[in-house]
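Here is the structure we will look at.
Where a number appears in this text, it was derived from the coordinates with a stated rule and is not lab data. From a predicted model like this one, the values you see are computed outputs, not experimental measurements. Cβ: placed from backbone, ideal geometry, glycine included. Neighbour counts: every protein chain shown.
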Amino acid sequence: MIDEQRPTMFCISTYEKGQAFLREAARSGCDVVLLTVDKLRDADWPKDVLAEFHTMPEADVPERQAQEQVRVIADSVARRRTIARVVALDEFDLESAASLREHLRLPGMGQTATRFFRDKLAMRMGARAAGVAVPEFSGVFNDADLNAFMGSVEGPWLLKPRWSASAIGIRKITRPEELWPALDSLGELRTHHLLERFVPGEIFHVEGVTWGGEVLFTAAHKYGQPPMQTMHEGGIFTTRALDRESEDAAGLRAIHRETLMALGMKAGVTHSEFIKAKADGKFYFLETAARVGGAYIAETVEFATGLNPWVEWARIEVAALRGEEYSLPTLREDYSGSVISLARQEWPDTAAYDAPEVVYRLHKNHHAGLIVRSESAARVEQLLNEYGQRFLVDFYARLDAPDKPTA
């Protein structure tokens with residue numbers, strides 16, 4: 001028998017992630033329903049806390065058809081339960097969640113609001129309109145507009161998918177004549193892209209928590225090398241928390257807050273990326289998403305601050321659902337960083353990486369990874385530089401970048 005005192009939270013995740021969110025939502029008194037894809041039926045989901053568990057075929061189908069699959073399953077759940085909240089645990093499920101909220105007439109981001117945290121063209125236009133610095137960009141709808149853009153904005157340029165995450169699908173265009181065959185090869189998907197000036201520089205990311213339209217928590221980090229370079233050219237992935245008193249951290253806090261306010265974030269967690277241009281030393285907005293950062297960023301943040309973004313996201317959703325106030329947990333002020341690589345070995349042994357600052361070892365097939373923590377940001381940086389070089393020798397393997405995301 002369904003307990004009507006426990007509100008139902010309908011969660012969608014076509015990737016294996018968000019277990020901490022699911023557990024916290026259930027612990028907080030919600031009946032949690034999870035919808036994932038068939039291939040992840042036996043993944044490491046916390047089924048012991050789920051009220052219902054459903055799967056569907058993987059959505060290698062047009063967007064509207066994928067949303068229809070989600071709607072049909074949600075409608076069947078809604079006949080038995082009163083769904084009070086819809087949450088997409090992965091970026092690629094945001095549109096389905098937004099469409100379902102509008103179908104069920106539930107609170108939260110609808111399709112228009114979601115665009116600013118999913119569609120790279122929409123978020124750039126929204127940020128630029130509010131005065132946030134962004135690299136020059138253009139939609140690719142009109143040939144004359146593109147010629148004018150390339151004539152006035154010095155190359156090279158990046159042809160970017162508007163909806164893909166990370167660096168997947170990005171192409172570098174060095175001369176105008178390279179663009180047209182690239183666009184032709186996209187066929188009907190041409191307009192699902194944008195063209196942007198390539199800005200050499202260092203890439204940073206900021207993990208945020210927002211409530212009531214106010215940014216309550218900001219954790220600024222610097223990638224060891226740009227994610228696009230790691231994905232397309234290979235290398236070791238690293239990221240580290242910045243010294244909170246540094247100019248870079250202060251600059252990132254400012255542009256991060258400006259960006260989220262410009263795009264209308266009201267409540268939730270965000271993962272945002274910015275570039276510090278080599279030419280002028282300014283920060284420019286690259287992209288944001290209303291989700292938790294991947295690549296063990298949540299764990300890295302938690303080891304430094306005590307705040308787990310997955311857990312806080314669940315607490316925010318429950319507070320909003322019940323009309324209660326939300327407040328941050330007590331925070332620490334340590335520093336952390338991670339180093340991760342594809343590995344030649346099936347189960348790589350990282351025991352030789354024995355610094356006392358090592359607080360987490362990744363246990364994943366054909367992956368090597370560590371998280372380190374220290375009271376000193378400089379010590380974290382030193383360890384990542386050393387361990388990144390050693391990972392290249394001890395473990396590093398490379399796969400070609402995928403054309404599209406895979407679960």
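Hey, got the dipole for the chain? About the Cα centre, +1 on K and R Cβ, -1 on D and E Cβ, debye to the nearest 20? Show your work: numbers first, answer last.
Details: 48 positive and 60 negative charges, 116 e Å.
It works out to roughly 560 debye.
Fully extended, how many nm does the chain gain between Q69 and S152 (0.36 nm per residue separation, minus their Cα-Cα distance)?
Details: separation 83, 0.36 × 83 = 29.88 nm, distance 4.45 nm.
Working it through step by step, the gained length comes to 25.4 nm.
Could you quote the convex hull projected area for the stretch 63-195, Cα atoms only and averaged over all directions, in nm²?
Working: hull surface 38.0 nm².
Approximately 9.5 nm², given one-decimal rounding.
Could you give the length gained on full extension between E16 and E58, defined as 0.36 nm per residue of separation minus the Cα-Cα distance, in nm? Provide the component values of the computation, followed by the final result.
Working: separation 42, 0.36 × 42 = 15.12 nm, distance 1.29 nm.
Full-extension gain reported as 13.8 nm.
If you take every residue apart from C11 with its C-beta less than 12 Å away from the C-beta of C11, what net charge results, scoring Lys and Arg +1 and Asp and Glu -1?
Result for the neighbourhood of C11: -3.
For the pair D243 and F141, how long in nm is the line joining their label points, each one 7 Å along Cα→Cβ?
Reported label-point gap for D243 and F141 is 4.7 nm.
Could you tell me, in Å, what Rg and Dmax come out for the Cα atoms of the stretch 204-309?
Rg, Dmax (Cα atoms, Å): 13.4, 41.
Rounded to the nearest 500 deg cm²/dmol, what is the calculated helix-only ellipticity per residue at 222 nm for the chain, with -39500 (n - 2.57) per DSSP H run of length n ≥ 4?
Details: 12 runs with 137 residues, N = 407.
For the chain, the value works out to -10500 deg cm²/dmol.
For a 21 Å ceiling on Cα separation, which of these pairs sit above it: K17/K266; K39/K120; K172/K364; K172/K276; K172/K222? Don't skip to the answer; put the middle values down first.
Working: K17/K266 23 Å; K39/K120 29 Å; K172/K364 32 Å; K172/K276 19 Å; K172/K222 23 Å.
From K17/K266; K39/K120; K172/K364; K172/K276; K172/K222, over 21 Å: K17/K266; K39/K120; K172/K364; K172/K222.
Can you give the local net charge around H221? Use residues other than it whose beta-carbon is closer than 9 angstrom to its beta-carbon, Lys and Arg +1, Asp and Glu -1.
Numbers: positive: K222, R240; negative: E207.
With Lys, Arg at +1 and Asp, Glu at -1, the neighbours total +1.
Cα centroid distance between the stretch 95-155 and the stretch 319-383, in Å?
Cα centroid to Cα centroid, the span is 32 Å.
Once the other residues with Cβ under 14 Å from the Cβ of A279 are scored (Lys, Arg +1; Asp, Glu -1), what is the net sum? List each step's numbers first, then the result.
Numbers: positive: R197, K276, K278, K282; negative: E136, E154, E202, D280.
Surrounding charge for A279 is 0.
How would you rank 42-50, 386-394, 255-263, highest first, on the average number of other Cβ atoms within 10 Å across their residues? Intermediate results must be reported in sequence, preceding the final value.
Details: 42-50: 13.1, 386-394: 16.7, 255-263: 21.1.
So the peptides 42-50, 386-394, 255-263, ranked by packing, come out 255-263, 386-394, 42-50.
Counting only C-alpha contacts under 8 Å and six or more residues apart, can you give the relative contact order of the stretch 212-329 as a whole percent?
It rounds to 19 percent for the stretch 212-329.
Once you place label points 7 Å from the Cα toward the Cβ at L392 and Q225, how far apart are they in nm?
0.7
For K282, go through the aspartates and glutamates and keep the ones whose alpha-carbon is under 20 Å away, minus same-chain ones fewer than eight residues off.
Excluding near neighbours in sequence, the set is E136, E154, E196, E202, E207, D243, E245, E247, D248, E258, E273.
Taking the stretch 71-168, which trypsin sites (Lys or Arg not before Pro) meet the DSSP loop condition and have no more than 13 other C-beta atoms within 10 Å?
On the way: sites: R71, R79, R80, R81, R85, R101, R105, R115, R118, K120, R124, R128, R162; in loops: R79, R80, R81, R105, R118, R162.
For trypsin sites (Lys or Arg not before Pro) across the stretch 71-168 that sit outside H, G, I, E and B with at most 13 neighbouring Cβ atoms in 10 Å, the list reads R79, R80, R105.
How much length, in nm to one decimal, is gained on full extension between E214 and L106, taken as 0.36 nm per residue of separation minus their Cα-Cα distance?
Residue separation times 0.36 nm, minus the Cα-Cα distance, leaves 36.7 nm.
Taking a ≥ b ≥ c as the square roots of the eigenvalues of the Cα gyration tensor of the stretch 295-403, is the shape rounded (a/c under 1.5), prolate (a/b larger than b/c) or oblate? Write out the running numbers ahead of the final one.
Working: a/c = 3.02, a/b = 1.67, b/c = 1.81.
Taking the square roots of the gyration eigenvalues as a ≥ b ≥ c, the stretch 295-403 is oblate.
Measuring from label point to label point, each 7 Å out along Cα→Cβ, what is the D44 to R175 span in nm?
5.0
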